[in-house]
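Structure, as structure tokens:
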Amino acid sequence: MSYRLGVDVGGTFTDLLLVNEATGGTWSAKVSSTPADQSIGVLNGILRVCERAGIEPSQLDHVMHGTTVATNTVLTSTGAKCGLVTTRGYRQVLQIARSFVPGGLGGWIIYNKSLPMAPLACTIEADERIGAQGEVVEALDEAKLRVSLRGLREKNIEALTVCLINSFANDVHERRIRDIAQEELPGVPVSLSCEVVPEMQEYERTVTTVANSYVRPRVQRYVKNLTAKLQEKAPQVKLHILRSDGGLSSAGSAEDFPVNLLMSGPAGGVTGAVWVAKQAGFPNVLTVDVGGTSTDVALIQNFEARLRRETTVGDVTVRASSIDIRTVGAGGGSIAHVPELTKALRVGPASAGADPGPAAYGRGGTEPTVTDANVVLGYMPEAQRLGGDLQLDRKLSHDAVKKVADSLQLTVQQAAEGIYNIVNENMTGALRLVSVEQGYDPREFALMAFGGAGPLHANALSKLLGSWPSIIPPGPGVLCAMGDATTAIRDERSRTYVRKFSDTSATEIGEILQGLADEAAKALSSENVPADEMRTNYEVDLRYRGQGLRLTVEVNLEDLKKDGLKAISSKFDEEHKRLFTFALELEHELVTLRAAVRGKAASVKRPPLDEGSADASAAIVGKQSVFMDGTPQTAPVYDRAKLKAGNKVPGPAVVMEMDSTTVILPKHVGHIDAFGNILIYPDGYVAKTPRSKNAPSSK
């Protein structure tokens, strides 16, 4: 038997999903996260899930891990003390940046919050120069460089970045500087811009490579530590880390290029959502991943998650491919408060986190959180055991929410509903960023909610956006781990290639793209991925001649051979119209060529549910007092494990399972499809253009 394990570490819980690759069988577990050392929570979870599956940890073959180590390092400013080597005259590249000016009256201010990653005092200049075409204009002064590097050694830097002008065209000086640095600064990891992001635009290339250095020592320690602990229990196990773009990287690549992991954690949920969407038959989906501290949203179109060429974490934006995920500080642990000045209810972004957590957890938390509001409203019954173990305390939640109620002169239930409604509006705002503001109508998409708290808010979010159905997959609390387990190894190569269409040809572009694909394929071959399982996607960044903005479009090599450069320009014009409503009659200009190679994902097949009738009463395990639409109501409580395909669950209703709770509002119905997904629609809903064979045409 071959076993594949997906692990997702969140702020409150660590989720695990174990897959038997031979049979497709799955087992899940949820344990408390250990922020001080994430590997402890991971290992605790491995023991738990292996016990449930009746296997030994030594039987594990692959561990796929979505981690927030790099993300948290940036957010908490706890990265390495970095040194930076630039070309003479470019020492202040990070300080000047794009000269962002905060406000109309601050014209003399140059403002850049990324400075702590590589302070000016730790930046040195190398006497050298590479020309724009890659020619050596000035040779590297090695003797002077050694003196400068010794000065950095006295400042006790922990990582070094090398980013020279035009090194994307010729990397000979950057590589020589690394050789010298390894002699002068033994043990200090060195990141080269020609390896991290070999593309034009000095500031973007510099800040991306510095960010790589900033998180590198901490990520290296974590990956090495986790690998060692895993191999103690399973000597043959291979560890892979989820990248921001939804692909997997080897442990070694993750250690060397951790800037590609900045959105590793949230990417797992979206890749898991793609897997569920394919099963359910909905190609276009908005995803909502609600965890303990934040909500991550994304857009899936034609079963593909939208990617972006930049990754933003906190105040740092780097040039690294990532799934287009937007985050808002609205999660189960988000704290509700009433500012003394405004007397208006606010929710988040401050969070109770994993320790002490919401008051309902009984771990000493006293602040009113979204979770406490859900408990007070009856959406999370006291009989619910989070992760199968954690008992909720309704009285503690009531006492916490009462603080807000007293400030607003409302009943506790009214205050709780206010918290619930406001956090839903916050999440809706994030969903508009990935849909409306990108030119997409959310009414043309289904909405899939997951994470421990996602199903509590799904119905309400669909109601606000008009996105039907609300899809609640089985095991929504561990869907991120499912994404980790079902994605594939991915590698990407790019090259700056600034050419007007009149100065190049489709043949030349095709040859370069194929060469980039061959380089990426070699990386996958080193991970023993068979060539016949590799799939390649090609992309180009281009713009109108004279334009600063550039857009990314996909390229098909066969179309390029058949239609020439028009295969690229027509897609660019179409995308430009979608975003800006117009296209220009100007010559097009290429900027960057890119090839991404992906291996074959694990084959995981969820067995279909037993067929049942529309009557779901056999799954009712109790009744619950709930507060919905401003009035107390009684709702049946269903055990999700007892629901069958074809069942209909009319609202109001509460559906419980090990890792989450689903709320179905009044005048809505949850349909159980063949794979156990709950599809929530309004009463009498008629799908204008059914997006799935499971969508009801009428009721």
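Could I have the simple spin-label model distance between residue 317 and residue 183, label points 7 Å from Cα toward Cβ, reported in nm to one decimal?
Distance between label points: 4.1 nm.
What ranking, highest mean first, results for peptides 370-382, 19-31 when packing means the other Cβ atoms within 10 Å averaged over each residue?
On the way: 370-382: 26.5, 19-31: 19.4.
In descending order of packing, they fall as 370-382, 19-31.
Along its three principal axes, how long is the chain when you only count alpha carbons? Whole Å, largest extent first please.
Principal-axis extents of the chain (Cα, largest first): 79, 61, 59 Å.
Round to the nearest 10 and report in Å² the accessible area of residue 577, as given by a 1.4 Å probe over the protein chains' heavy atoms.
Its accessible surface works out to 120 Å², give or take rounding.
Name the residue farthest towards the positive end of the dipole of the stretch 380-483 from the options 480, 468, 413, assuming +1 on Cβ of Lys and Arg, -1 on Cβ of Asp and Glu, about the Cα centre.
Looking along the dipole axis, the top candidate is 413.
Which value in nm describes the separation of the simple spin-label points at residue 580 and residue 421, placed 7 Å from the Cα toward the beta carbon?
4.1
Looking at 674, 551, 616, which one has the Cα that reaches farthest to the positive end of the dipole of the chain (charges on Cβ: Lys, Arg +1; Asp, Glu -1)?
Sorting the options by dipole projection puts first 616.
Expressed in whole Å with the largest first, what are the equivalent ellipsoid semi-axes of the stretch 336-456 derived from the C-alpha gyration tensor as the square root of 5 times each eigenvalue?
26, 20, 12
How are the Cα pair distances of the stretch 611-662 distributed, in percent, across 10 Å bins from 0?
Over the stretch 611-662, the share of Cα pairs per 10 Å bin runs 26, 52, 21, 2 percent.
What FRET efficiency do you get for residue 610 and residue 407 if R0 is 51 Å and r is their Cβ-Cβ distance, rounded to the nearest 0.05?
Numbers: r = 50 Å, r/R0 = 0.98.
Efficiency, from the Cβ-Cβ distance: 0.55.
Along the positive direction of the dipole of the chain (beta-carbon charges: Lys, Arg +1; Asp, Glu -1; about the Cα centre), which of 214, 505, 156 reaches farthest?
214
Give me the compactness ratio for the stretch 269-407, meaning the Cα radius of gyration over 2.2 N^0.38 Å.
Values: Rg = 17.9 Å, N = 139, 2.2 N^0.38 = 14.3 Å.
Ratio of Rg to 2.2 N^0.38 Å for the stretch 269-407: 1.25.
Please calculate how many Å² of accessible area the stretch 311-470 carries per residue, with a 1.4 Å probe and no DNA, RNA or ligand atoms counted. Present the calculation step by step, with values, prior to reporting the outcome.
Values: 5780 Å² over 160 residues.
Solvent-accessible surface per residue comes out at 36 Å².
Between residue 587 and residue 156, what is the spin-label point distance in nm, taking each point 7 Å from the Cα along the Cα→C-beta axis?
Going from the residue 587 label point to the residue 156 one covers 5.7 nm.
Can you give the FRET efficiency for residue 634 and residue 176, using 1/(1 + (r/R0)^6), R0 = 56 Å, r = Cβ-Cβ distance, to the nearest 0.05? Display every interim value, and only then the final one.
On the way: r = 75 Å, r/R0 = 1.34.
Working from the Cβ atoms, E equals 0.15.
Pulled fully out, how much extra length does the chain show between residue 302 and residue 502, if you take 0.36 nm times their separation in residues and subtract their Cα-Cα distance? Display every interim value, and only then the final one.
Working: separation 200, 0.36 × 200 = 72.00 nm, distance 3.34 nm.
Residue separation times 0.36 nm, minus the Cα-Cα distance, leaves 68.7 nm.
Roughly how big is the chain's charge dipole about its Cα centre, with Cβ charges of +1 (Lys, Arg) and -1 (Asp, Glu), in debye to the nearest 20?
On the way: 75 positive and 81 negative charges, 194 e Å.
It works out to roughly 940 debye.
Compute the Cα gyration tensor for the stretch 180-316, then decide on rounded, prolate or oblate, letting a ≥ b ≥ c be the square roots of its eigenvalues: rounded whenever a/c is under 1.5, prolate when a/b is larger than b/c in the other cases, and oblate in all that remain. It would help to have the intermediate numbers written out before the result.
Working: a/c = 2.39, a/b = 1.42, b/c = 1.68.
Here the stretch 180-316 falls in the oblate category.
Anything over 24 Å Cα to Cα? Flag those among 500/571; 278/561; 395/623; 238/522, in the order listed. It would help to have the intermediate numbers written out before the result.
Details: 500/571 16 Å; 278/561 31 Å; 395/623 19 Å; 238/522 19 Å.
Checking Cα-Cα distances, 278/561 exceed 24 Å.
Suppose all protein chains stay in the model; what accessible area per residue would a 1.4 Å probe give for the stretch 178-280, in Å²?
Values: 2920 Å² over 103 residues.
Accessible area per residue, the stretch 178-280: 28 Å².
Compute the orientation-averaged projected area for the stretch 478-616 from the convex hull of its Cα atoms and round it to one decimal in nm². Walk me through the intermediate numbers first.
Numbers: hull surface 53.9 nm².
That works out to 13.5 nm², a quarter of the Cα hull's surface.
Going from most exposed to least, what order do 544, 90, 203 have by accessible area with a 1.4 Å probe? Mind showing how you got there, number by number?
Values: 544 0, 90 75, 203 40 Å².
Sorted by accessible area, descending: 90, 203, 544.
Rounded to the nearest percent, how much of the accessible area of the chain (1.4 Å probe, protein heavy atoms only) is carbon and sulfur? If you can, show how the numbers build up before the last one.
Values: 13960 of 27860 Å².
Answer for the chain is 50 percent, counting heavy atoms of protein chains only.
Taking 0.36 nm per intervening residue step and subtracting the Cα-Cα distance, what contour gain separates residue 533 from residue 563 on full extension?
Details: separation 30, 0.36 × 30 = 10.80 nm, distance 2.78 nm.
My answer for the length gained is 8.0 nm.
By how many nm would the segment from residue 519 to residue 642 grow when fully extended, if each residue of separation counts as 0.36 nm and the alpha-carbon distance is taken off? Present the calculation step by step, with values, prior to reporting the outcome.
Details: separation 123, 0.36 × 123 = 44.28 nm, distance 5.03 nm.
That works out to 39.3 nm of additional length.
What ranking, highest mean first, results for peptides 448-460, 134-146 when packing means the other Cβ atoms within 10 Å averaged over each residue? Numbers along the way, then the final one.
Working: 448-460: 29.2, 134-146: 13.9.
Listed from highest to lowest mean packing, they are 448-460, 134-146.
Working from Cα positions, state the angle (0 to 90°, nearest 10) between the long axis of helix 412-434 and the longest principal axis of the chain.
The answer is roughly 40 degrees.
Rounded to whole Å and sorted largest first, list the principal axis extents of the Cα atoms in the stretch 397-488.
Taking the Cα atoms of the stretch 397-488, the three principal extents are 51, 31, 19 Å.
For the stretch 326-457, with only Lys/Arg (+1) and Asp/Glu (-1) charged at the beta-carbon, what is the dipole magnitude about the Cα centre, in debye rounded to 20?
Numbers: 11 positive and 14 negative charges, 13 e Å.
Using Cβ point charges on Lys, Arg, Asp and Glu, the stretch 326-457 gives about 60 debye.
Considering the convex hull of the alpha carbon atoms of the stretch 118-211, report its projected area averaged over all viewing directions, in nm², one decimal. Let's see the in-between values first.
Working: hull surface 21.6 nm².
With the hull built on Cα positions only, its mean projection is 5.4 nm².
For a quick size check, give me the Cα extents of the stretch 565-672 along its three principal axes, largest first, whole Å.
67, 41, 25
The values are calculated or read from the model by the stated rules, or taken from the named source; none is laboratory data. Remember, predicted model here, so these are calculated numbers, not experimental data. Virtual Cβ from ideal backbone geometry, glycine too; neighbours counted across all protein chains shown. For accessibility, only protein heavy atoms count, side chains too; no ligands or nucleic acids. Shrake-Rupley method; radii C 1.70, N 1.55, O 1.52, S 1.80 Å.
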